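The values are calculated or read from the model by the stated rules, or taken from the named source; none is laboratory data. What you are looking at is a predicted structure, and each value in this text was computed from that prediction instead of being measured. With ideal geometry, Cβ positions are generated from the backbone for all residues, glycine too; neighbour counts draw on all protein chains shown.
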Amino acid sequence: MTIEPIRRALLVKAPPAKAFSLFTQQIGRWWPKGRSIGAQPHEDIVIEPHPGGRWFERSADGVESDWGRVLAWEPPHRLVLAWHLNAEFKFDLSYHTEVEIAFEPTNGDQSLVRLEHRNLERFGAAGERVAGMLADGWPGMMDRFAAHANEGPAESPAPFVVHGIPGSPYVRMVLLALIEKAFPYTFAKMPFGGHKTPEYLTRHPFGRIPAFEHDGLAFYETQAALRYLDRIMPVPELTPRDPKAEARMNQLIGIGDSYMMPDVSAKISFLRLIAPRLGIPVDEAAIAEALPRAKICIGEVARLLGGSRFLAGEVVTLADLMIAPHLDYFEMTPEGHAIMAPHANLMGWLGRMRDRCSMRDTTMERLMEG
Ligand SMILES: N[C@@H](CCC(=O)N[C@@H](CS)C(=O)NCC(=O)O)C(=O)O
């Protein structure tokens with residue numbers, strides 16, 4: 001027997017990135033007090049921002065009561081939660097129904113937010129009864145969320161502006177961080193060559209991209225932007241708390257900036273992927289000259305990754321966001337593919353990174369479209 005999922009769709013006056021962030025980071029504020037499972041009303045409700053993360057409430061006396069786990073964390077489009085509450089609304093890992101929330105852009109900076117609570121037959125004999133309770137409960141919850149999103153909470157951040165050119169790995173690194181954090185942003189796209197105009201050189205006297213503006217601050221240097229974003233929007237945390245993992249992250253960021261950029265990206269990827277689009281002749285000697293150093297870069301990143309899921313451990317950090325754009329493009333070149341393919345661990349990591357919404361939304365083609 002299957003039971004029809006509970007579905008609810010509504011419009012909120014916020015683009016998907018903001019709606020996603022309000023849903024996940026402020027759930028403790030819009031979820032009604034007293035409609036939770038702990039002995040005391042909740043003080044906060046937390047959805048940890050990564051697959052496998054906990055979904056739980058915390059009461060004023062610090063007691064945490066689990067609700068479920070994060071199955072998919074794909075800001076700004078999709079969130080899937082495992083609801084591990086049984087028919088009596090008690091945490092029980094043997095009960096597993098799924099709640100999916102999708103955020104789609106609509107006209108005029110609004111989002112269509114669709115919720116589906118499915119697999120209700122897994123409640124067994126209690127399925128119809130629980131489905132009835134959920135069918136009564138979810139609309140009110142979603143209305144509360146919409147009211148919260150539509151009020152435009154005072155602390156809604158000013159949008160972060162990125163000036164740059166589609167296809168630049170460094171521009172992509174910042175866009176990745178913004179999307180991972182569901183932070184509102186504007187991509188001020190320039191044509192190729194725009195970074196050498198007198199107007200742009202006032203933003204970035206070295207004539208590199210990207211350059212940034214946020215809330216009265218104008219600056220450049222990608223690491224500075226990523227570290228700034230990680231301070232002003234600490235969820236999800238992209239800097240490990242463990243000093244050794246942080247050292248590993250910083251080492252990889254250094255490898256990216258000092259060794260990978262000049263040989264892998266500025267030479268091989270640029271000449272193979274960008275130069276032909278711009279009618280720039282491909283300097284084969286420059287590629288051949290860069291290859292031995294590119295091999296060292298790849299060997300080192302693969303060695304440091306080892307058996308971990310991500311570059312500085314089991315969760316994504318700034319290192320992943322700063323290396324993935326270099327290696328996504330490099331792997332598309334024949335030389336890059338040949339160097340990377342033998343490193344199964346690195347290819348597995350690249351696959352995990354390419355599966356993320358942030359990577360899919362920032363391909364050269366996607367950025368050129370918008
Ligand atoms: N250190 C800079 C590096 C930025 C950079 O090298 N950007 C490249 C594009 S990915 C660029 O501007 N290249 C154009 C040029 O060098 O003229 C940062 O971290 O932002």
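Observations
- Count of the stretch 251-261 residues, restricted to those that are within 14 Å of the ligand (Cβ to nearest atom) and either in contact with a helix residue (DSSP H, G or I) (Cβ under 8 Å, 6 or more places away or on another chain) or among the β-branched types (Val, Ile, Thr) (or both), is 7.
- Members of the stretch 227-241 that are of a type in the set (A, V, I, L, M, F, W, C) and more than 17 Å from ARG54 (Cβ to Cβ): LEU229, ILE232, MET233, LEU238
- VAL282 being outside any helix (DSSP H, G or I), farther than 30 Å from PRO243 by Cβ and more than 15 Å from the ligand (Cβ to nearest atom): yes
- Checking GLY62 against (1) of a type outside the set (A, V, I, L, M); (2) farther than 12 Å from ILE37 by Cα; (3) surrounded by fewer than 19 Cβ atoms within 10 Å (Cβ to Cβ); (4) at pLDDT 95 or above, the condition it does not meet: (4)
- For the stretch 232-246, filtered to residues that are assigned to a helix (DSSP H, G or I) and of a type outside the set (Asp, Glu), the residue that is nearest to the ligand (Cβ to nearest atom) is ILE232.
- Options THR333, THR317, THR362: the member that is surrounded by fewer than 21 Cβ atoms within 10 Å (Cβ to Cβ) and among the hydroxyl-bearing types (Ser, Thr, Tyr): THR333
- The criterion of at least 3 residues that are touching a Ser or Thr at 6+ places or on another chain (Cβ under 8 Å) and within 16 Å of the ligand (Cβ to nearest atom) is met, among strands (runs of 3 or more DSSP E) falling completely within the stretch 118-231, by 160-164.
- Unmet criterion (only one of (1) surrounded by 16 or more Cβ atoms within 10 Å (Cβ to Cβ); (2) touching a helix residue (DSSP H, G or I) at 6+ places or on another chain (Cβ under 9 Å); (3) within 21 Å of HIS50 (Cα to Cα)) for GLU246: (2)
- Checking ARG208, ARG309, ARG241, ARG231 one by one, the residue that is of a type in the set (Lys, Arg), within 27 Å of the chain's Cα centre (by Cα) and under 21 Å from GLY351 (Cα atoms) is ARG309 and no other.
- The sole residue among ARG35, ARG8 that is of a type in the set (Lys, Arg) and assigned to a loop (DSSP other than H, G, I, E, B) is ARG35.
- Scanning the stretch 262-272 for residues that are hydrophobic (A, V, I, L, M, F, W, C) and either within 12 Å of the ligand (Cβ to nearest atom) or not assigned by TED's automatic domain parsing to the domain that holds THR333 (or both) yields a count of 3.
- Within the stretch 167-185, not a single residue is of a type in the set (Gly, Ala, Ser) and surrounded by fewer than 20 Cβ atoms within 10 Å (Cβ to Cβ).
- For the stretch 293-332, a residue qualifies if it is within 18 Å of MET364 (Cα to Cα) and either in a loop (DSSP other than H, G, I, E, B) or not acidic (Asp, Glu) (or both), and the qualifying residues are LEU321, MET322, ILE323, ALA324, PRO325, HIS326, LEU327, TYR329, PHE330, MET332.
- Search result, residues across the stretch 93-117 that are exposed (fewer than 15 other Cβ atoms within 10 Å of the Cβ) and either part of a strand (DSSP E or B) or outside the structural domain of PRO51 (by TED's automatic domain parsing) (or both): THR106
- Out of PHE56, PHE89, sole residue that is touching a residue at least 40 places away in the same chain (Cβ under 8 Å) and either within 20 Å of GLY132 (Cβ to Cβ) or over 18 Å from the mean Cα position of the chain (by Cα) (or both): PHE89
- Extreme residue, surrounded by the most Cβ atoms within 10 Å (Cβ to Cβ), among residues of the stretch 5-34 that are over 17 Å from ALA146 (Cα atoms) and in contact (Cβ under 8 Å) with a residue 24 or more places away in the chain: ILE6
Conditions tested, residue by residue: (1) hydroxyl-bearing (Ser, Thr, Tyr); (2) assigned by TED's automatic domain parsing to the domain that holds MET322; (3) within 24 Å of LEU22 (Cβ to Cβ).
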position: LEU134; (1), (2), (3): no, no, yes
position: GLY167; (1), (2), (3): no, no, no
position: TYR185; (1), (2), (3): yes, no, yes
position: HIS195; (1), (2), (3): no, no, no
position: PRO198; (1), (2), (3): no, no, no
